[in-house]
Amino acid sequence: MAEGGHYDIVILGGGSGGYACALRAAEFGKRVALIEKDKVGGTCLHRGCIPTKALLHAAEIADSSRESEKFGIRTSFEGIEMPAVLSYQQGVVERLWKGLQGTIAGRKIDTIYGDGKLVSPTAVMVNGETYTGDHVVLATGSVPRSLPGLELDGNRVITSDEALTLDRVPSKAVILGGGVIGVEFASVWRSFGAEVTIVEMAPQLLPLEEEASAKVLQRVFRRRGIGFELSTPFQSVSYTDSGVQVTLGNGKQLDAEILLVAVGRGPVSANLGYEENGVSLTRGFVNVDPLCQTAVPTISAVGDLIAIPEIAHPQLAHVGFAEGIMVAERLGGLDVRPIDYDGVPRITYSDPEVASVGITSAQAAARGINVVEVNYPLGGNGRSVILQTQGQAKVIAEAPATPGGQPGRVLGIHLVGSRVGELIAEAQLIYNWDAEPDDVAALIHPHPTQSEIIGEAHLALAGKPLHFHN
Ligand SMILES: Cc1cc2nc3c(=O)[nH]c(=O)nc-3n(C[C@H](O)[C@H](O)[C@H](O)COP(=O)(O)OP(=O)(O)OC[C@H]3O[C@@H](n4cnc5c(N)ncnc54)[C@H](O)[C@@H]3O)c2cc1C
């Protein structure tokens, strides 16, 4: 461990945004100090992406073993042993964590463990030592938040942090918030045998996703026995002998063992010296421009912590990676471009998965863009029928400039169904390379794969449908 000293770049926070910045900066030969109060890898590796996806994988296995009979395979599902599930989950996290520590050390980055505080526009204090840098990058991330008056006790009223380490399956759970985190936990707990109800203020689950995708998700969730109350505000929660009673704005009362509060994540910026050193905040988020520069020339900020004017900034690990890399490249003297946040791929890893890139039909209408759209059902896709999954691929493109002409740029791709998350990588290339349906229609997709739904939807939009009927 280094003791004080001067660096080219001092990074406060070793999560996705901070460590990506450190790794890329080191490639430019920069001397980097990475300051972390807990574990490198941050929320994503220890309390977010990775442990949730491990639980979701275990949930998929539970469902497969329950439903194996329909494929002619006899198994018996005997139950969920949560300590064993958690040990598998922890094994995955530990392995990746070890790998990450090795990668960071291999790039000769100094990792300093301790609670850091910005003490000047070029210095961070940790464990009584001052680390100065030509540039400081703030990457302190986010933590779960609650609603005014809703106390989290970490036992019966919990957040995703506690839900990830719960050593039992709750018999009944109410989940407040039908965003990505709420929907993923609903999916896991239902597969593990819990009764689950999601309470969501907006008129659909996954309020930021395409309405057509949310409708499919809702239909499948209903069939899986996952309840949800939409357009419904939370009112209050009280403790009962066996758990909690949740009262909703529509007067309904729901009894449950656990209330999971999944209403979003707030920035970690309080008492860290940010404002005192000239960094401006909005509701605790650090204000930056599209190149992640704060108003202080020597300070940048990345990841869940930031707010950018006019942009709904997504709190995603790969957004943190991209911003960290962009800042490192800017400081390394490269000519960098702002990120197109519409072009960031998004996945909810529930069963079924929901994945998207680009804009929704509603956003196209709000921006006054004339579009053409196609919905290709998974029922027409061989691989999806083999997997026995339902869903669809919706593709939105600019309407043809002339009557009878070809559609213009692809503006949005919205997928629902088992495993469709893996398909969004191709979808994001289509969107981010400004492809038109006719360009994609010319590309061959392997048969039988689910990727054919991308090919088929574009063939249909280009006016040459193959396996498609309305
Ligand atoms: C349940 C859940 C599931 C998720 N699933 C996904 C997913 O599937 N895909 C996806 O892309 N995203 C997912 N996310 C979001 C993702 O985890 C975050 O977007 C990402 O971790 C943000 O990275 P960050 O570097 O901005 O912040 P963080 O990962 O929060 O890292 C910040 C780091 O700073 C450290 N720190 C804070 N204050 C100090 C201080 N004063 N001194 C020193 N260190 C400090 C913290 O300890 C932490 O390690 C999920 C999040 C949750 C909660």
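The values are calculated or read from the model by the stated rules, or taken from the named source; none is laboratory data. None of the values given here were measured: they were computed from a predicted structure. Cβ placement follows ideal geometry from the backbone for every residue including glycine, while neighbour counts extend to all protein chains displayed.
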Any chance you could count how many residues in the stretch 47-78 are within 15 Å of the ligand (Cβ to nearest atom) and either of a type in the set (Phe, Trp, Tyr) or in contact with a Lys or Arg (Cβ under 9 Å, 6 or more places away or on another chain) (or both)?
-> 1
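Somewhere in the stretch 79-87, is a residue under 30 Å from Ala328 (Cα atoms) and more than 13 Å from the ligand (Cβ to nearest atom)? Reasoning before the result, please.
At the first step, the residues of the stretch 79-87 found to be under 30 Å from Ala328 (Cα atoms) are none.
For the stretch 79-87, residues under 30 Å from Ala328 (Cα atoms) and more than 13 Å from the ligand (Cβ to nearest atom): absent.
Please list, ordered by residue number, the strands (runs of 3 or more DSSP E) wholly in the stretch 75-184 having 3 or more residues that are touching a residue at least 24 places away in the same chain (Cβ under 8 Å) and under 29 Å from Ala59 (Cβ atoms). Spell out how you get there, then give the answer.
Working: elements: 110-113, 117-120, 123-126, 129-138, 142-144, 172-176.
In the stretch 75-184, the matching strands (runs of 3 or more DSSP E) lie at 142-144, 172-176.
Is it the case that the stretch 152-172 has a residue that's of a type outside the set (Val, Ile, Thr), within 16 Å of the ligand (Cβ to nearest atom), modelled with pLDDT of 95 or more and exposed (fewer than 15 other Cβ atoms within 10 Å of the Cβ)? Outline the logic, then answer.
As a first pass, look at the stretch 152-172 and keep what is of a type outside the set (Val, Ile, Thr): 152-156, 160-164, 166-168, 170-172.
If we keep only those that are within 16 Å of the ligand (Cβ to nearest atom) as well, we get 152, 154, 160-164, 166.
Then drop every residue that is not modelled with pLDDT of 95 or more, which leaves 152, 154, 160-164, 166.
If we keep only those that are exposed (fewer than 15 other Cβ atoms within 10 Å of the Cβ) too, we end up with 154.
Yes.
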Just to be sure, is Ile386 of a type in the set (A, V, I, L, M) and within 29 Å of Leu291 (Cβ to Cβ)?
-> no
Which of the residues spanning the stretch 418-435 are among the acidic types (Asp, Glu), in a loop (DSSP other than H, G, I, E, B) and under 22 Å from Ser213 (Cα atoms)?
-> none
Could you check, for the stretch 428-435, whether at least one of its residues is acidic (Asp, Glu), closer than 18 Å to Val374 by Cβ and modelled with pLDDT of 95 or more?
-> no
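Quick check on Cys44: is it within 30 Å of Glu78 (Cβ to Cβ) and near the ligand (Cβ under 6 Å from one of its atoms)? Walk me through it before giving the result.
On the way: within 30 Å of Glu78 (Cβ to Cβ): no; near the ligand (Cβ under 6 Å from one of its atoms): yes.
No.
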Output for the stretch 346-368, where each listed residue is out of contact with any Gly (no Cβ under 9 Å at 6 or more places or on another chain) and either part of a loop (DSSP other than H, G, I, E, B) or basic (Lys, Arg) (or both) = Arg346, Ser350, Asp351, Arg367, Gly368
Would you pick out the residues in the stretch 1-17 that are over 16 Å from Thr122 (Cβ atoms) and within 15 Å of the ligand (Cβ to nearest atom)?
-> Met1, Ala2, Gly13, Gly14, Gly15, Ser16, Gly17
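Here is a yes/no grid of residues against (1) out of contact with any helix residue (DSSP H, G or I) (no Cβ under 8 Å at 6 or more places or on another chain); (2) under 24 Å from Glu353 (Cα atoms):
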| residue | (1), (2) |
| --- | --- |
| His414 | no, yes |
| Leu429 | yes, yes |
| Asn432 | no, yes |
| Ala442 | yes, no |
Given the conditions (1) closer than 16 Å to Gly18 by Cα; (2) surrounded by fewer than 16 Cβ atoms within 10 Å (Cβ to Cβ); (3) small (Gly, Ala, Ser), every one holds for Gly278 apart from (1)
For the stretch 46-53, indicate whether the set of residues that are assigned to a helix (DSSP H, G or I), in contact with a helix residue (DSSP H, G or I) (Cβ under 6 Å, 6 or more places away or on another chain) and of a type in the set (Ser, Thr, Tyr) is non-empty.
-> yes
Complete set of residues in the stretch 297-316 that are within 9 Å of the ligand (Cβ to nearest atom) and part of a loop (DSSP other than H, G, I, E, B) = Val302, Pro314, Gln315, Leu316
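For the condition closer than 22 Å to Gly421 by Cα, crowded, with 18+ Cβ neighbours inside 10 Å, at pLDDT 95 or above and within 23 Å of the chain's Cα centre (by Cα), what is the one hit in Gly324, Gly358, Gly343? Don't jump to the end; show me each part of the working.
Numbers: Gly324 fails: closer than 22 Å to Gly421 by Cα; Gly343 fails: crowded, with 18+ Cβ neighbours inside 10 Å.
Exactly one of Gly324, Gly358, Gly343 is closer than 22 Å to Gly421 by Cα, crowded, with 18+ Cβ neighbours inside 10 Å, at pLDDT 95 or above and within 23 Å of the chain's Cα centre (by Cα), namely Gly358.
Could you say whether any residue in the stretch 448-458 is crowded, with 19+ Cβ neighbours inside 10 Å, modelled with pLDDT of 95 or more and in a loop (DSSP other than H, G, I, E, B)?
Applying the first criterion (crowded, with 19+ Cβ neighbours inside 10 Å) to the stretch 448-458 yields 450-458.
Keeping just the survivors that are modelled with pLDDT of 95 or more gives 450-458.
If we keep only those that are in a loop (DSSP other than H, G, I, E, B) as well, we get 450-451.
Checking the stretch 448-458: at least one residue is crowded, with 19+ Cβ neighbours inside 10 Å, modelled with pLDDT of 95 or more and in a loop (DSSP other than H, G, I, E, B).
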Does any residue in the stretch 216-243 that is over 16 Å from Val199 (Cα atoms) come within less than 7 Å, Cβ to Cβ, of a residue that is among the small types (Gly, Ala, Ser) six or more places away or on a different chain, and which pairs are these?
-> Val216/Gly391; Gly243/Ala256
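Can you find, within the stretch 18-37, the residue that is surrounded by the most Cβ atoms within 10 Å (Cβ to Cβ) among those that are part of a helix (DSSP H, G or I) and within 16 Å of the ligand (Cβ to nearest atom)? Break it down stepwise before answering.
Our first condition is that a residue be part of a helix (DSSP H, G or I); within the stretch 18-37, this holds for 18-27.
Next, only the ones that are within 16 Å of the ligand (Cβ to nearest atom) stay: 18-25.
Values: Gly18: 27, Tyr19: 31, Ala20: 25, Cys21: 33, Ala22: 28, Leu23: 21, Arg24: 21, Ala25: 28.
The qualifying residue surrounded by the most Cβ atoms within 10 Å (Cβ to Cβ) is Cys21.
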Out of Ile104, Ile50, Ile61, sole residue that is β-branched (Val, Ile, Thr) and closer than 27 Å to Ile299 by Cβ | Ile104
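Does Val319 count as in contact with a strand residue (DSSP E or B) (Cβ under 8 Å, 6 or more places away or on another chain) and either closer than 21 Å to Gly273 by Cα or in a helix (DSSP H, G or I) (or both)? Quick ask: steps written out before the conclusion?
Working: in contact with a strand residue (DSSP E or B) (Cβ under 8 Å, 6 or more places away or on another chain): no; either closer than 21 Å to Gly273 by Cα or in a helix (DSSP H, G or I) (or both): yes.
Spelling it out, it is not the case that Val319 is in contact with a strand residue (DSSP E or B) (Cβ under 8 Å, 6 or more places away or on another chain) and either closer than 21 Å to Gly273 by Cα or in a helix (DSSP H, G or I) (or both).
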Pairs, please: C-beta under 6 Å, at least 6 apart or cross-chain, first residue touching a residue at least 24 places away in the same chain (Cβ under 8 Å) and in the stretch 348-377, second of a type in the set (S, T, N, Q)?
-> Ser350/Ser187; Asp351/Ser187; Pro352/Ser418; Val354/Ser213; Val354/Thr348; Val357/Gln428; Asn375/Gln392
Identify, from the list Gly380, Gly405, Gly333, the residue that is farther than 30 Å from Pro144 by Cβ, away from the ligand (no atom under 16 Å from the Cβ) and in contact with a His (Cβ under 6 Å, 6 or more places away or on another chain).
-> Gly380
Return the only residue of Ser160, Ser242, Ser231, Ser238 being touching a helix residue (DSSP H, G or I) at 6+ places or on another chain (Cβ under 6 Å) and over 20 Å from Ala355 (Cα atoms).
-> Ser160
Is it true that some residue in the stretch 67-81 is within 30 Å of Asp134 (Cα to Cα) and surrounded by fewer than 21 Cβ atoms within 10 Å (Cβ to Cβ)?
-> no
